[in-house]
């Protein structure tokens, strides 16, 4: 039993399944962090389901792990557990507790079956596990939380805080932009360029990100 690894990883239909062994929670966290830090390219952009076995986890512990993974470009969408406390905690955080395809949080959309060139309007907030995909522009009325993802063929406008993953100009449109009242994405892409948001210093302000000479830059978002 002592020879069993603390972390086991395998690919599944919805991303990666990470199974934790029998050990104190801090040791398991350290082992998982080591895997992520030593294989950043493997984990970058991954959707992760975590099997914690019988570990009883509270909201503070699980939400801290989710945020730490999100900061590294990893989306925690499911937590599997034999513990009823952990299962309830995961559900309270909007995480799936089964390996079936995760159901995104209920999101009211302004229109349905819209043409690709028209903007898709979404009423937020978008919580962890939610994914919005559209061939044209996307407008979100509300926050985009860590663990949520937007993939748009055109520009992305967030009338709120953008802290999830966003890919604008996904079809190669280098003129696409990303605008938000607070631009702090876990990961930002425009066309083929990718960047991770740096730590914010000073007061937050509305910003727009665009490609300038092949580089992603952010500047104040003004009328």
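If you take the residues of the range 9-24 that are in a strand (DSSP E or B), modelled with pLDDT under 85 and surrounded by 11 or more Cβ atoms within 10 Å (Cβ to Cβ), which of them is farthest from the chain's Cα centre (by Cα)? Result: 12.
Residues in the range 74-96 that are surrounded by fewer than 18 Cβ atoms within 10 Å (Cβ to Cβ), touching a residue at least 12 places away in the same chain (Cβ under 8 Å) and over 17 Å from residue 28 (Cα atoms): 85, 92, 93.
Within the range 157-206, the only residue that satisfies the criterion of being at pLDDT below 90, buried (at least 18 other Cβ atoms within 10 Å of the Cβ) and not in a loop (DSSP other than H, G, I, E, B) is 187. Going through (1) modelled with pLDDT under 90; (2) under 23 Å from residue 126 (Cβ atoms); (3) crowded, with 18+ Cβ neighbours inside 10 Å one by one, residue 36 falls short only on (2).
The values are calculated or read from the model by the stated rules, or taken from the named source; none is laboratory data. Computed from a predicted structure; not experimentally measured. FYI the Cβ positions are ideal-geometry reconstructions off the backbone, even for glycines, and counts take in every protein chain you see.
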